[in-house]
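Participant: Mind having a look at this structure? Questions to follow.
Rule-based calculations on the coordinates, nothing more; no lab input. It should be emphasised that the depicted structure is a prediction, and the values quoted were computed from it without experimental measurement.
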Ligand SMILES: NC(=O)c1ccc[n+]([C@@H]2O[C@H](COP(=O)([O-])OP(=O)(O)OC[C@H]3O[C@@H](n4cnc5c(N)ncnc54)[C@H](OP(=O)(O)O)[C@@H]3O)[C@@H](O)[C@H]2O)c1
């Protein structure tokens, strides 16, 4: 019933200006979505459904899937950024079609609307990547309840909402699921407890979904990226403000992997149906240390926190 209401709302109540056929220009479909591309033969190409497609890893994944012959259903909160990404993709890959939907992963209805529009304008989904995520940093005892809930609403409930929105498609197509977790879900550092807890939940959900979907021929891949060159860390703690802060990334440049490299590795892992993939050397090393030398890992974490506090003290005395 809820699905029917959404369908009516999505297709009829918002102004619908027409489906793109053979045109490579932006078509406004509804108040919340647009279509760009040449979808002259709908249904002939596989479809990738990606959340957080407006920037960073999600945007790079969109390019990687377009390169591999997929049509794309992208969503994020910033419609202007999505629009830009769609234009860039269709310029580089003129045969690709892109559906953009303004959706906040915290709200299941918005992802259901993306899913309905995807079926209507592209096809049913073959690959879904629950990528949208934020990091709320701060000492656990100091974070407000609102901040802590926001962290879980986006990273945990958002992931659940994403997969549920395309569940039927996954079963129908024996599809593929990519869940973007974090090394922090295994190696939890001080000052990032809420983020680490949310990514530990992603890890557990990946394990459960893997078992639940395997009998249906659906693969589930849990991705742990490690430090990647995006705006992610610049946005930390800005749990309501999405503007990036350039000065906030304290991770040395040599430790950050280029985002296009990360996207290629992620797509390879999902295509091959791997259960889990840690993308970086330092990520693998951290997980190894945590697993086999937990006391040493704990010692380093205390040192890192002490260094962070010292640097704050120095900054405030300047
Ligand atoms: N970069 C790293 O070093 C790193 C390391 C480990 C794990 N990760 C994980 O990788 C994923 C992507 O991060 P990134 O590095 O690409 O960060 P990013 O550059 O900040 O991009 C985050 C994406 O998520 C979207 N997003 C955030 N909140 C959303 C919401 N409530 N609803 C819908 N979309 C939302 C953003 O779009 P809008 O702002 O337009 O909504 C943006 O497209 C995250 O899950 C993150 O935890 C990143």
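Participant: Compactness ratio of the stretch 2-317: Cα Rg over 2.2 N^0.38 Å, N = residue count?
Facilitator: 1.01
Participant: Would you kindly state how much longer the chain becomes between residue 285 and residue 272 on full extension, computed as 0.36 nm times their sequence separation minus their alpha carbon distance, in nm to one decimal?
Facilitator: Residue separation times 0.36 nm, minus the Cα-Cα distance, leaves 2.4 nm.
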